[in-house]
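One structure is given below, encoded as C-alpha cells.
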Amino acid sequence: MLENLSDKDKKAFLFIRNRIVHEGKSPTLQEINEVTGGKSPRSAVLVTNRLIDAGLVRKFGRKLKLADSRSPSEASVSTVRIPLVGSVACGAPLLAQENIEAFIPVSTALATKGSKYFLLRAHGDSMDGAGIEDGNILLVRQQDTADNGQKVVALIDDEATVKLFERTDSAIILRPKSTNKKHMPIILTDNCKIQGTVVAVLPPDLY
C-alpha cells in the first residue's frame, strides 16, 4: 500500500502511525500540516482522506485510528522491536551486537509476522531518485535473494550499500538511482552478499 502513496502521504501516514503507536492518540490537522508542508486544515483533510481511501487509517469522529486496530475503541496496535543498525564494523556481521544502535517498535502492518527485519540509516544521495534521502531510516526484510528492480541492501567490502538489484546471465548489477551523476553501477559476480530488501522508507527522526 505504501508504495502507491506520494512522498507527502507516506510522511503523513508514518507520522500518524507513530503518534498512535507511541502515544495512543492521533495528531491534529495542524500537526499533520507541519509534517507535510500543508497550508490549511483542508490540506491535512485531503491527505488523511487519501490514507483512508488507501485502507491505511480509519476515521472515528475526529479521531484517526490505524486500519489494523481491532475495534473503534481500541488504540492498541501490535508492534515488534526491530534493531536499528549503525555503522558496520569491518568484517563484522551486519547485525552484530556492536552495530545495533537501538530497538525501535514497528507496527506488524509493516513488519509482517513470519519474516525477520532490521532498520538501516541511509547515507548519501545514490538513491534519492528512488525516494531514499540521506538520513532516512529503511525498514529491511532479511533475505539473501532478490528480484530484478527491488531495492536491496548489499555488503560491499564489509560496508552496507542500498541499490536497485539486477541479475543478468553473467553478473549481478547494483544500480544507483540518483540525480547525482557521479554514482555508477556496481558490477559483481554471484558472490554478491544480499542482506535484505527495502520494504519501507521512514523519516530520519525516529532515532
Rounded to the nearest Å, what's the spacing between the alpha carbon centres of region 171-207 and region 104-121? Just the number, please. 19 Å
Give the total of Lys-Lys pairs in region 2-66 with Cα-Cα distances below 15 Å; include a pair only if its members are 8 or more places apart or on different chains. 4
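Give me the net charge of Asn180's neighbourhood, meaning all other residues with Cβ under 15 Å from the Cβ of Asn180; Lys, Arg count +1, Asp, Glu -1. Walk me through the numbers before you get to the answer.
Numbers: positive: Lys163, Arg175, Lys177, Lys181, Lys182; negative: Asp125, Asp128, Glu133, Asp134.
Residues close to Asn180 contribute a combined charge of +1.
Roughly speaking, what is the stretch gain from Thr112 to Lys193, that is 0.36 nm per residue apart minus the C-alpha to C-alpha distance, in nm to one decimal? Don't skip to the end; give the middle numbers.
Numbers: separation 81, 0.36 × 81 = 29.16 nm, distance 2.34 nm.
Here the answer is 26.8 nm.
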Under the helix-only model (-39500 (n - 2.57) for each DSSP H run of 4 or more, divided by the residues of the chain), the mean residue ellipticity at 222 nm, to 500 deg cm²/dmol, is -6000 deg cm²/dmol
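What FRET efficiency would be calculated for the residue pair Leu46, Lys182, taking the C-beta separation as r and a Förster radius of 45 Å, to the nearest 0.05?
On the way: r = 38 Å, r/R0 = 0.84.
Efficiency, rounded to the nearest 0.05: 0.75.
Mind jotting down a quarter of the surface of the convex hull over the alpha carbons of the chain, in square nanometres, one decimal? It would help to have the intermediate numbers written out before the result.
Working: hull surface 50.3 nm².
Computed as one quarter of the Cα hull surface, the answer is 12.6 nm².
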Exposure proxy check: Glu23, Glu31 ranked by fewest other beta carbons within 10 Å? Glu23, Glu31
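Throughout, read-outs are computed from the coordinates displayed, never taken from laboratory work. This is a predicted model, so every value here is computed, not measured. Note that we place each Cβ from the backbone using ideal geometry, even for glycine, and neighbour counts take in every protein chain shown.
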